[in-house]
Amino acid sequence: TCRIGIDAHGARPSVVDAELKVRGVQGLRVCDVLVNPEIICSHSMAPSVVVAGRWADVNQAQCRE
């Protein structure tokens, strides 16, 4: 998985920030259920919809700028 998070150098480093941008790669975002910080032990449909919704919010905000 590619953990989402705030601190790239903490105890649990992340490769994707809160805006779904891949750290260290300019202009690349990830919209995938695997950005969740924990492995999901149930059907992945609901978390996938949540991540897609988050991506849509971030994308809309970027387009308005």
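Descriptive notes on the structure:
- Those residues of the range 31-49 which are among the hydrophobic types (A, V, I, L, M, F, W, C) and either under 17 Å from P13 (Cβ atoms) or in contact with a Lys or Arg (Cβ under 6 Å, 6 or more places away or on another chain) (or both), in sequence order: L34, V35, I39
- Test: residue in the range 20-30 that is part of a helix (DSSP H, G or I), out of contact with any Lys or Arg (no Cβ under 9 Å at 6 or more places or on another chain) and open to solvent by 60 Å² or more (accessible area, probe 1.4 Å): no
- Number of positions in the range 31-56 that are open to solvent by 90 Å² or more (accessible area, probe 1.4 Å) and either among the charged types (D, E, K, R) or not in a helix (DSSP H, G or I) (or both): 5
The values are calculated or read from the model by the stated rules, or taken from the named source; none is laboratory data. Not measured: the values here are computed from a predicted model. For neighbour counting, all protein chains shown are included, and Cβ atoms are generated from backbone atoms with ideal geometry for every residue, glycine included. What goes into the accessible areas is simple: the full protein's heavy atoms, side chains included, and nothing from ligands, DNA or RNA. Shrake-Rupley method; radii C 1.70, N 1.55, O 1.52, S 1.80 Å.
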